[in-house]
Each structure stands twice: as structure tokens, then as C-alpha cells.
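The values are calculated or read from the model by the stated rules, or taken from the named source; none is laboratory data. These figures come from a predicted structure and were not determined experimentally. Glycine also receives a Cβ, built like all others from the backbone with ideal geometry; neighbour counts cover every protein chain displayed.
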């Protein structure tokens, strides 16, 4: 279909109320065309489809020193396709300072999920940008101190009034330094001065819990000269050329994907013409292309990109139509393979339907199908997966093998803005999980199995070292999560600062390895009632009685602090069925209903849950902080 | 050539101004299309620049306030570019 036929077909589908197919075609349109024209079309059609789609509402503020209005349709279109219904608040031109420092400003009243602070070098540091040649060394240093001081003040003030995520553009270098080639010859250079501000920005961001968007790197990636349109800057204050507007938007989406949890936890890859060139079943070990020389180098680059994802905590899995033994031999023995079978958390090499294989892989990895990304060179397979499993993120396969690695690296669903020790070890956890499951099958009674695990649980109050992981778990745990309340680091810190509030985390080790920090509980006690605000466990340890050990700790602690009752809500979602019977199986009874939600209570004078004898419990003393 | 070009411009204007393509004629202008305000004008200019891979001069942008004016500016630009 040509673009205008595609548009007509989309409108026909909307008329006939086929929202799912309309969205598939809108995505197809966007894959071939991300201009402002297509973006406006997408936004207006999504507006009509919105009631039928399960979109996540998200509020974004943009505090800016330049025109961003023409990027908004592109941003909203990209967000819609990512499953986000974006509402954007724009600050007035150069009004970001007032908006940030005034607690009653439109920015703070808007209560965004995230805010972007986009200020240009030429606006915040005009002296460093255009008058550098006239400045003495002292004046340069003064300018650096002034600019970093301003950023620090803005970011601290933002944090004081707002718990939203804050994304700060760093400062770009000029296309041509004021002093030309001379700028490269000394450390007292323009590029060094701007670089110093950017280095400082990184540490201010760390202090204030903000994220840095490397705008300078973005501009240089696309070429400084091509990025800018000086005429538009001088006439309408739009510094970015029409052809690069969508690149700015894509960069913003790299932050919105992880912040709104629109991410893939696992990437499922095909083998032939994806991990190596050629077809193993036909070309054999000696015939496939994989090695340091062209064309095999393209596939090694691809494998390096996958290794990078693995180290970022993203699980890798194989789904390939092949004879199992041929393909496994290539994976395990081909000298060009950088990935080994131990890098794959699940492997499906068979002739079955790929959609069915993907469902099984998701179940095996204990993640939702919507947490899968899929890469396959066969457009038929991609089409099948798009049609049968629309929640799977299907990566656009480039025609040219040399572009494969890049296609994986630029996928926004693999972006992470912080990384915990758990993330880096995730691949290994899944391997020991497979061994655990084999052990479970070979032991007859549940109790024997629990005993054989030799579990050791360590419960500790919130610390600065655990805060990032605790916040991460509240945001990504869907299954064993009683209330599914999402909190960021700032919100958790603010919560536990209140009297009577506590946050605990649990780490679990067993004979197969360390599972890391896998559970979080947040509770508050008032008038002899302890309420569990949040109770969640990573799916890694579900069904091994760790939840009972954790609850028993909470109940004993509440009792020691004078509580006579423990209560907590169960708020059902589409995904937390594994936690539904948690309170009832631990002696709690329903005392209140609110729609689907139920409030459960346990009288501690009557019964206190006990820690299972096969779980060794270690309590780390201390208060939150 | 001109009619193919006109069709493309009509399609882009319909997308950006959020009106059905059938309602866009060569005579459509900032006077006749209610949604063609300054924000949508900039959006339309950028969409045209993206589609035809050109950059308009500020004077051209000021002139392009109707579909036929857009067509005439684009035709001149393309003749000059030798395509």
C-alpha cells in the first residue's frame, strides 16, 4: 500500500471499529515515515482510537529556552506507538527559572511524571558560546562557575518542590570553535570550558537524582552542521533542522521508555541470518558467516550488541526453526561465536509456531509477553508475531547485515537509566533457576524441596545503597505485588522520613546462588494498627515460602512496636493473581471491600505468622536512612 | 509533474492541518482553513521541508500562506535545484 492508500485503509478500519488492525497499520506507516505530516495524522487518529486502547497516561513537562512546539506531534505519535498517552506541559520561553522556583507555578501544579530541562549553551552561556575569544582565563572560570551554579540551583529547587523525574540536557559545543583550530591547542579552550560544565552537570544530577541527556553527543552524532538550521533559529527560535526533529524526539523517548516502564526485559533472537550469516542446516558449520572479517564481522558486531544488553540485565533467548542439534553445535562450537549457550536464559530450537514459542519463553522466564522484544530476519515471522502477540516489541530488521548491531543498540525498549548489581547478574540467576527447577522435579515432597534449597534470607531497613534497587522493584514487579504502587527514589525517601513509616528489603541466598535483593515491604503504624502499604517479591523467589518469612518478620516487628493488628490492601491488576491468596493463606480476613479491592486484617493477639523452619532469617538492625 | 506535486502538498496539508484531503484545494489558505494558524503553519513548513528535502528562506515561508503559493514556491525551488 502506498502512503495515501494506507491512510485511507486506516480511516476505514477506524470507521469499522477494528482498533487493533488500525494500530498495526499506524505502526507500519510510522516505520516508513516519521515526518511531521505522518505524526499529525497519527496523533489525530490515535485521539479517535484512544478509548479502545489500553494506553498508559503520562504527563511530561518541557522547560525550554527554544521552540519545541513542532516536535510535540512527533513526540506524541512516538509515545502513542509505545503505549503512552502523553500530556505535555510547555514552559513559556525562558521562563523555566520562575517555573522551577515558584512552588505554585504551572509546572508544579501540573504534577508531571517527568520533566525535561532543555536549555541551550547560547542561552545559558552566551559569553562562552560566542564571545570566548574576548574572555580572560578568569572570566572563563567565572562563567563556568556561574553556569554550573545556576544549574545546581535550578535542579535543587526542582527537587525541593517536585518528585518527578528530571531529565537535563547538557550543553552542546559550537559547530566551529570561536578560535578555530587554535582551540585544540591548549587546555584553556572553549571546548574544555563547555566540557567542564557538562562534567559538573553529571555530578549535580547524581546529587539531585536527575538524569543527564547528552545533547552534545546527540548533535555530534548527527553532525553539528546538519543538525542546525540557522534561519529557523533566527526567525522562529527553532534551532533544529526539520530533518532532525524526530531524532530529538527519539532521544527523549529513550528516557520515557524506562521511566514509564515501557521496556523489554528479554530479547528473543533468531539464529540464521541474525546471529550468523547463512543457514546452518544448509551451509553447515564451515559455511555460515561469522568471524572477524567481512561479511562475518557484521554478525560478530551484532553479538557484541547482544552481549552489551546481557550486561545491562536484559535476558537473551533463542527462538529458531532449525534442527536442534545442528544449531546447538554452532552455538557451542563455532569459533566465531561470542555468545555462548550460557548467555541464553531460554532456548527454543524447533519447527513450531514462533508465537507459541514466545509465549512459552515468557512463561519460562516468568515475565509477561509484553516484556519481550523479538528479532528475526524473516518478515513473515515478524508479521505473524505482530499479529498474534501485538504486545511484543518487534525490532525492525535492517536489510543490510552491517546495520544489524545498530538496529539493536538504538532500540528504546532496552534503555535503562540506572543499573543495579542485580541487573548485571540477571543472566546467571536464570541459569541457577533452571538448576533449581531440576532439583524440584527430583525431590518428592515440597518440604524436602524447601529444605534442600538451604535458603538464607536477610532483611534490612532501607539504606542509600539499596534505595535504587528498592525503587526499581516497586516499578517493575507485577506478579507478586499486593498493591502495585509505583514509587520513585524521591517518593520512597520522603515516605520513610515520616514518623511511623518503615521500608524493608529482603535478600535471599540459596545453595544455587545469591538471588540478590528480591523483596520490598513498606509499612506504617498508627493507633496500634500496622498497615502494609507495599509488599512485593520478585518472581525469582515466588513459591519458596520466602513471602511467609518476610511477613513473619513484619508481624513480629509490628507487635514489638505496640501494634495489635496488621492490615493491608490487595489491589487486583491484570497481572498480580499470584499474590491473590497471600493474605487469606496467612490467617488474614477481609474487613472492607472497595470495588475489586479488598482490605485484609490479622489480629496479632490471635495469631502471628511464623518463619518457616527451612528459611534462615537474619535481621540487620538500624532505622531507615 | 505539477499535479503529482499538488497531490503531495494536499496530502501533507490535510495531515498537518487535520482536515480531510478532499477539503484541501489549491485555493485553500490561512484565510479559508480555520486550523491554519501560526503553529500549524510552522508545522506545515517543516513537514514540506522533510518531504521534499529542502530548506525554505524566511521570505518564502512568509509567502506560503495558500496551497497554490506553496506549489509555486516549491516549483521554483525544484527548478533551481535542477530536478
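Which residue out of B:5, B:48 is touching a residue at least 60 places away in the same chain (Cβ under 8 Å) and surrounded by 14 or more Cβ atoms within 10 Å (Cβ to Cβ)?
Every option except B:5 fails the conditions.
Only one of (1) within 14 Å of chain A (Cβ to nearest Cβ); (2) over 12 Å from the mean Cα position of the chain (by Cα) is not met by residue B:76, so which one is it?
Of the numbered conditions (1) within 14 Å of chain A (Cβ to nearest Cβ); (2) over 12 Å from the mean Cα position of the chain (by Cα), the odd one out for residue B:76 is (1).
Which is assigned to a helix (DSSP H, G or I) and modelled with pLDDT of 95 or more, of A:88, A:74?
Criteria check complete, one pass: A:74.
So in segment B:37-59, with the set limited to residues that are more than 9 Å from chain A (Cβ to nearest Cβ) and under 11 Å from the mean Cα position of the chain (by Cα), which one is farthest from residue B:11 (Cα to Cα)?
It comes out as B:41.
Residues checked against (1) farther than 28 Å from residue A:456 by Cβ; (2) modelled with pLDDT of 90 or more; (3) touching a helix residue (DSSP H, G or I) at 6+ places or on another chain (Cβ under 8 Å):
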site	(1), (2), (3)
A:478	no, no, no
A:506	no, yes, yes
A:513	no, no, yes
A:552	no, yes, no
A:570	yes, yes, yes
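How many residues does segment A:24-35 contain that are more than 14 Å from residue A:79 (Cα to Cα), within 13 Å of chain B (Cβ to nearest Cβ) and not in a loop (DSSP other than H, G, I, E, B)?
2
Name the one entry in A:50, A:59, A:64 that is surrounded by fewer than 18 Cβ atoms within 10 Å (Cβ to Cβ), under 28 Å from residue A:123 (Cα atoms) and either modelled with pLDDT under 95 or more than 14 Å from chain B (Cβ to nearest Cβ) (or both).
A:59
Go through segment A:239-268 and count every residue that is touching a strand residue (DSSP E or B) at 6+ places or on another chain (Cβ under 9 Å), within 14 Å of chain B (Cβ to nearest Cβ) and part of a helix (DSSP H, G or I).
3
State all residues of segment A:536-552 that are crowded, with 19+ Cβ neighbours inside 10 Å and either without any contact (Cβ under 8 Å) to a residue 24 or more places away in the chain or closer than 20 Å to residue A:572 by Cα (or both); if no residue qualifies, say none.
Passing the criteria: A:536, A:537, A:538, A:547, A:551.
Does residue A:210 fit the bill of being under 16 Å from residue A:129 (Cα atoms), more than 13 Å from every other protein chain (Cβ to nearest Cβ), surrounded by 15 or more Cβ atoms within 10 Å (Cβ to Cβ) and in contact (Cβ under 8 Å) with a residue 12 or more places away in the chain?
Criteria not met by residue A:210.
Picking from A:280, A:331, A:263, which residue would you name as being under 30 Å from residue A:478 (Cβ atoms) and either surrounded by 17 or more Cβ atoms within 10 Å (Cβ to Cβ) or modelled with pLDDT under 95 (or both)?
Step by step, each of A:280, A:331, A:263 is checked, and only A:263 is under 30 Å from residue A:478 (Cβ atoms) and either surrounded by 17 or more Cβ atoms within 10 Å (Cβ to Cβ) or modelled with pLDDT under 95 (or both).
Quickly run through segment A:110-126 and pick out the residues that are within 26 Å of the chain's Cα centre (by Cα) and either assigned to a helix (DSSP H, G or I) or within 18 Å of residue A:148 (Cα to Cα) (or both).
A:110, A:116, A:117, A:118, A:119, listed by residue number.
For the subset of segment A:10-23 comprising residues that are in contact with a helix residue (DSSP H, G or I) (Cβ under 7 Å, 6 or more places away or on another chain) and within 14 Å of another protein chain (Cβ to nearest Cβ), which member is nearest to residue A:245 (Cα to Cα)?
Filtering first and then ranking leaves A:10.
I need the full set of residues from segment A:150-182 which are in a helix (DSSP H, G or I) and within 29 Å of residue A:256 (Cβ to Cβ), in order please.
A:150, A:151, A:152, A:153, A:154, A:155, A:156, A:157, A:158, A:159, A:160, A:161
Go through segment A:87-110 and report how many residues are free of Cβ contacts under 8 Å to residues at least 60 places away in the same chain and within 19 Å of residue A:67 (Cα to Cα).
14
Counting only residues that are farther than 18 Å from residue A:514 by Cβ and surrounded by fewer than 19 Cβ atoms within 10 Å (Cβ to Cβ), which one in segment A:451-466 is modelled with the lowest pLDDT?
A:451
Restricting to segment A:269-292, count the residues that are assigned to a loop (DSSP other than H, G, I, E, B), over 30 Å from residue A:30 (Cβ atoms) and in contact (Cβ under 8 Å) with a residue 12 or more places away in the chain.
Total meeting the criteria: 4.
Give all pairs with beta carbons closer than 8 Å in which a residue from segment A:560-577 that is more than 30 Å from residue A:362 (Cα to Cα) meets a residue that is in a helix (DSSP H, G or I); count only pairs at least 6 apart in sequence or on separate chains.
Correct list of pairs: A:566/A:554; A:566/A:555; A:566/A:558.
If residue B:34 meets every condition in (1) buried (at least 17 other Cβ atoms within 10 Å of the Cβ); (2) more than 8 Å from chain A (Cβ to nearest Cβ); (3) more than 11 Å from the chain's Cα centre (by Cα) apart from one, which number is that one?
Of everything listed in (1) buried (at least 17 other Cβ atoms within 10 Å of the Cβ); (2) more than 8 Å from chain A (Cβ to nearest Cβ); (3) more than 11 Å from the chain's Cα centre (by Cα), residue B:34 misses just condition (1).
Taking the conditions exactly as written (within 14 Å of chain B (Cβ to nearest Cβ), in a helix (DSSP H, G or I) and crowded, with 20+ Cβ neighbours inside 10 Å), does residue A:45 satisfy them or not?
Spelling it out, residue A:45 is indeed within 14 Å of chain B (Cβ to nearest Cβ), in a helix (DSSP H, G or I) and crowded, with 20+ Cβ neighbours inside 10 Å.
Return a yes/no flag: does segment A:313-320 have any residue that is over 21 Å from residue A:434 (Cα atoms) and under 33 Å from the mean Cα position of the chain (by Cα).
The answer is no; no qualifying residue exists.
Take the residues in segment A:213-238 that are within 30 Å of residue A:471 (Cβ to Cβ) and buried (at least 19 other Cβ atoms within 10 Å of the Cβ), then tell me which one is farthest from the other protein chains (Cβ to nearest Cβ).
Only one residue fits best here, namely A:216.
Right, residue A:479: over 23 Å from residue A:572 (Cβ atoms), surrounded by 19 or more Cβ atoms within 10 Å (Cβ to Cβ) and in contact (Cβ under 8 Å) with a residue 24 or more places away in the chain or not?
So residue A:479 does not fit the description; no.
Buried (at least 18 other Cβ atoms within 10 Å of the Cβ), within 14 Å of chain B (Cβ to nearest Cβ), in contact with a helix residue (DSSP H, G or I) (Cβ under 6 Å, 6 or more places away or on another chain) and closer than 30 Å to residue B:52 by Cβ, is that true of residue A:169?
No, not satisfied.
Only one of (1) without any contact (Cβ under 8 Å) to a residue 24 or more places away in the chain; (2) more than 10 Å from chain A (Cβ to nearest Cβ); (3) within 24 Å of residue A:74 (Cβ to Cβ) is not met by residue B:65, so which one is it?
(1)
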